[in-house]
Amino acid sequence: AEDGYDLWLRYRPLDGAAQARLHAQARAVVLAAPASPSLDAAVAELRRGVAGMAGREIAVSTRLVPGALVLATPGQAPAGLVLPWADLGREGWLLRRQTLQGRDVTVIAANSDIGLLYGSFAWLRAVQTGADLARLDQRSAPKVGLRLLNHWDNLDRHVERGYAGASLWDWWKLPDLLDPRYVDYARANASLGINGAVLNNVNAKADSLTAPFLAKAAALAGVFRPYGIKVYLSARFSAPVELGGLKTADPLDPAVRAWWKAKADEIYAVIPDFGGFLVKANSEGQPGPQDYGRNHADGANMLAEALGPHGGVVMWRAFVYAADASDRAKQGYVEFQPLDGKFAPNVIVQVKNGPIDFQPREPFHPLFGAMPHTPLALEVQITKEYLGFSTHLAYLGPLFAEVLQADTGHGGKVARVVDGSLHGQRLTAMAGVANIGTDRNWSGSQFDQANWYAFGRLAWDPDLGAADVARDWAAQTFTARPAARDAIVALMMGSREAVVDYMTPLGLHHLMGTGHHYGPAPWVDNLERADWNPVYFHRAGRDGIGFDRSPAGSNGVAQYAPSVARLWSDPRTTPPELLLWFHHLPWDYAMPSGRSLWGELVARYDRGVATVDDMRRRWDALKPEIDAARHAEVAAYLAVQAHEAQWWRDACIAYFQSMSGLPLPAGVRPPA
Ligand code: GCW
């Protein structure tokens with residue numbers, strides 16, 4: 001039975017006519033270039049895909065036969081092939097159906113073997129999505145340099161915020177035993193263009209930098225290398241004390257600097273293409289340079305100095321918030337913006353999409369556009385810590401695209417900061433906190449695979465549309481039949497907004513249960529830190545609801561560019577989606593819909609519940625189109641989601657009603 005293990009690389013048999021068409025376009029794989037591990041992977045994938053979809057094995061040849069798939073690099077191109085090689089860059093690819101030496105062939109071209117692997121996956125995607133193979137003409141090059149998964153995997157295989165089983169990395173058996181699943185992980189990533197993996201949790205243990213663990217990381221790096229994936233590690237800032245026996249981890253102390261240099265040399269001796277360090281410092285109890293009166297740049301630059309000679313990078317996270325902050329949302333900007341221009345060239349500051357923490361909806365982080373002299377990476381969370389784990393269906397393409405397309409007011413949208421073009425940065429990156437584990441379906445649910453997929457596609461090209469990405473995914477994963485495919489896409493496209501509606505509508509945020517972040521708890525007010533309490537975020541009382549970040553309040557809005565700040569300072573020009581993020585308003589505030597704020601809040605909670613009910617109906621109607629096991633699994637989860645959307649709605653309406661003291665609008669069902 002189908003269990004989802006094959007992800008979007010299923011390659012199931014096409015129907016008869018399509019099989020014949022495919023066979024005509026894929027009679028042999030022709031390679032001019034000498035064999036290499038990456039090229040071997042490309043050829044193996046093409047053969048696997050064609051065997052699955054066309055039902056025939058294809059030969060590998062060096063002769064240009066009609067109907068061949070020709071893998072070409074500039075140095076090893078068949079005579080007569082003229083291509084815009086320079087436009088493809090180091091990792092880009094081109095697919096073109098053309099006549100070459102009198103024969104009709106499909107050219108898969110790139111400047112590197114990794115580009116050929118990416119191009120091979122792109123060709124297979126074209127087949128899976130029903131492209132006209134006889135007229136193929138596509139090319140693509142990544143806009144972002146480093147496209148990374150961040151695994152929050154602990155060394156005991158527990159995954160922080162992981163909802164898909166245990167960590168894939170079987171540290172006990174590594175480096176001797178290489179689970180074949182590592183190859184499938186690498187194939188899936190390469191099919192999207194993901195080119196790096198941070199193996200361990202940002203809440204890092206120093207142990208990950210010891211020789212035995214480096215040997216294990218090196219073994220994984222060896223598996224991933226042919227697929228273009230570099231290994232990175234999260235580094236614990238205090239490691240010189242814990243592992244090196246030093247008295248301090250002060251980044252300006254010469255002995256500390258020497259320790260990190262030696263550590264970097266040791267790492268590169270076993271992993272010559274090691275990517276670099278990801279660091280969470282002075283955040284949620286993690287050690288960092290501020291412990292020694294130094295700043296983030298001092299800490300990052302010390303590590304950069306150690307990695308620099310080897311070509312490694314430091315990804316230094318900007319997710320920080322102080323216990324006593326009057327407005328937690330302001331802290332990242334407060335600590336980092338003044339350091340603009342102070343970071344070494346191989347440091348990239350990694351910024352979450354929003355200023356709080358991966359909520360169903362946040363405004364974009366105000367650092368985007370505000371640090372023109374510093375490379376900034378965008379960090380999104382693929383695992384749905386605050387969006388119902390892997391139980392609730394929420395396609396995150398629209399969330400990712402929303403932040404990428406947001407206008408920073410600094411002369412370009414977030415995507416232009418991320419791809420470096422706004423301020424001429426050459427070091428560019430996008431990171432996604434992975435949702436992958438040992439579950440057979442990798443992500444905990446079938447539809448959460450789409451979030452891994454969407455992250456990878458958008459990291460390659462941040463301007464792709466979320467619906468287009470969903471269409472490709474649905475065609476590859478479920479069915480390419482247009483009506484069914486589009487029904488799946490429609491269901492996906494409304495799903496994230498449904499979660500916003502039934503959890504945190506109108507700019508509300510962080511109403512989730514303490515610690516686990518699953519389920520409603522807007523009433524919680526007794527946690528040890530004020531800025532962990534839901535009441536801190538919604539501030540509901542008899543007078544109204546919302547966090548006042550306007551100039552009259554915390555003035556958090558002033559961290560945005562003037563054009564944006566002006567709009568969001570005034571409730572009448574703040575989009576309803578962000579209203580209570582920036583404003584504290586009376587319950588009878590008149591909304592653009594004509595409803596009162598209280599009425600609108602209730603209506604949005606109800607809309608969220610109704611959308612999930614509708615998603616269930618749509619999914620039921622798709623039953624004849626989907627294999628039984630996967631259909632049943634999704635249906636079971638949707639039943640849970642429908643129940644829990646109602647739970648969220650009832651709990652939040654009941655609680656907020658106890659604050660507003662207002663009757664429910666006419667016709668609204670009372671909370672259960
Ligand atoms: O989203 C929050 C999580 C923590 C996480 C932290 C972070 C890894 O609740 O579990 O820690 O953010 O991003 O560092």
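The values are calculated or read from the model by the stated rules, or taken from the named source; none is laboratory data. As the structure is a prediction and not an experimental result, all values here were calculated from the model. No Cβ is skipped: glycine too gets one built from the backbone with ideal geometry, and neighbour counts run over all protein chains shown.
Observations
- If only residues of segment 57-105 that are touching a Lys or Arg at 6+ places or on another chain (Cβ under 9 Å) and among the acidic types (D, E) are counted, the one that is farthest from V43 (Cα to Cα) is D87.
- Of the residues in segment 183-203, at least one is assigned by TED's automatic domain parsing to the domain that holds W442, more than 25 Å from L117 (Cα to Cα) and surrounded by fewer than 21 Cβ atoms within 10 Å (Cβ to Cβ).
- Residues within segment 147-170 that are within 16 Å of the ligand (Cβ to nearest atom) and either touching a helix residue (DSSP H, G or I) at 6+ places or on another chain (Cβ under 9 Å) or closer than 14 Å to L88 by Cα (or both), tallied: 3
- Tallying residues that are in contact with a Ser or Thr (Cβ under 9 Å, 6 or more places away or on another chain), within 16 Å of the ligand (Cβ to nearest atom) and at positive phi within segment 499-516 yields 1.
- Restricting A68, A109, A41 to residues that are modelled with pLDDT of 95 or more, touching a Gly at 6+ places or on another chain (Cβ under 8 Å) and not assigned by TED's automatic domain parsing to the domain that holds D184 narrows the list to A109.
- Within segment 618-670, the residues that satisfy the criterion of being aliphatic (A, V, I, L, M), in contact with a Phe, Trp or Tyr (Cβ under 6 Å, 6 or more places away or on another chain) and within 21 Å of L585 (Cβ to Cβ) are I653, L662.
- Lone qualifier among A590, A552, A558, A565 - being in contact with a Pro (Cβ under 8 Å, 6 or more places away or on another chain) and among the aliphatic types (A, V, I, L, M): A558
- Selected residue (criterion: farthest from the ligand (Cβ to nearest atom)) from residues of segment 127-146 that are in contact with a Pro (Cβ under 9 Å, 6 or more places away or on another chain) and part of a loop (DSSP other than H, G, I, E, B): G130
- Positions within segment 621-672 being in contact (Cβ under 8 Å) with a residue 40 or more places away in the chain, more than 20 Å from R595 (Cβ to Cβ) and small (G, A, S), in sequence order: A621, A628, A629, A645, A651
- Flag for E266 being under 31 Å from the mean Cα position of the chain (by Cα), more than 20 Å from N346 (Cβ to Cβ), of a type in the set (D, E, K, R) and surrounded by fewer than 18 Cβ atoms within 10 Å (Cβ to Cβ): no
- Qualifying residues in segment 49-65 (those that are at pLDDT below 95 and among the β-branched types (V, I, T)) - the one nearest to Q101 (Cα to Cα): V65
- Of all the residues in segment 472-487, those that are in a helix (DSSP H, G or I) and surrounded by 20 or more Cβ atoms within 10 Å (Cβ to Cβ) number 7.
- Here L149, L124 are screened, and the one residue that is in a strand (DSSP E or B) and surrounded by 19 or more Cβ atoms within 10 Å (Cβ to Cβ) is L149.
- For segment 517-603, the helices (runs of 4 or more DSSP H) that sit wholly inside it and include 2 or more residues that are within 27 Å of T383 (Cα to Cα) and more than 16 Å from the ligand (Cβ to nearest atom) are 534-538, 579-582.
- In segment 444-454, of all residues being in contact with a helix residue (DSSP H, G or I) (Cβ under 6 Å, 6 or more places away or on another chain) and under 17 Å from A632 (Cβ atoms), the one that is nearest to the ligand (Cβ to nearest atom) corresponds to S445.
- Residues located in segment 234-283, provided they are of a type in the set (A, V, I, L, M) and closer than 29 Å to G332 by Cα: A235, A239, V241, A249, L252, V256, A264, L278, V279, A281
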